[in-house]
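Contents: one structure, followed by commentary.
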Amino acid sequence: SVKAWDIMNNPSEETTVFIVNKFGEFDVTGVYNVPNPFNDQTKFQFIHNKSNTSFNIEIEIYNLHGQLLRTLSQRTPTAGSNIEPIIWDGTDQSGSSLGSGLYVYKMKIWDDQDNYEEHTQKMIIGR
């Protein structure tokens, strides 16, 4: 808590609450791709609670029949609570452009202590 007074001696107090992550576990929120829908490329991002570390990230892209179309893998350093975006050009494993439609992606994230999280989201390609 911080309490301060202005030049007219009026007090103001603000409090900030935070959690110390003493067990080294991590929390991933805000998993998204932008833009969504997209035309020729999209960027995958998320927010986390472990700054100044690196993550191993694997993104699997599926069609609505559950067929795996593409796997993206990257080791990504962090800056604060964000990662460098992972860019995808909307192609399958052989480099062919995927058609317009709804797709599902599964993002798998590991930190250096082998903590793991997995998130699934939808995205739309609108060509």
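Please go through region 78-127 and pick out each residue that is under 17 Å from residue 37 (Cα atoms), in contact with an Asp or Glu (Cβ under 7 Å, 6 or more places away or on another chain) and among the aliphatic types (A, V, I, L, M).
Across region 78-127, the qualifying residue is only 98.
Within region 13-37, track down each residue that is at pLDDT 80 or above and of a type in the set (S, T, N, Q).
Hits for region 13-37 are 15, 16, 29, 33, 36.
Residues in region 23-43 that are more than 17 Å from residue 126 (Cβ to Cβ) and open to solvent by 60 Å² or more (accessible area, probe 1.4 Å): how many?
4
Among (1) in contact with a Lys or Arg (Cβ under 9 Å, 6 or more places away or on another chain); (2) without any contact (Cβ under 8 Å) to a residue 24 or more places away in the chain; (3) not acidic (Asp, Glu), which single condition is residue 97 missing?
Single failed check for residue 97: (2).
The values are calculated or read from the model by the stated rules, or taken from the named source; none is laboratory data. Note that the coordinates shown come from a computational prediction; the quantities given were computed from them, not determined experimentally. All Cβ positions, glycine included, derive from the backbone under ideal geometry; neighbour counts span all protein chains shown. The protein model used for the area step is the full one, side chains on, heavy atoms only, and it has no ligands, DNA or RNA in it. Shrake-Rupley method; radii C 1.70, N 1.55, O 1.52, S 1.80 Å.
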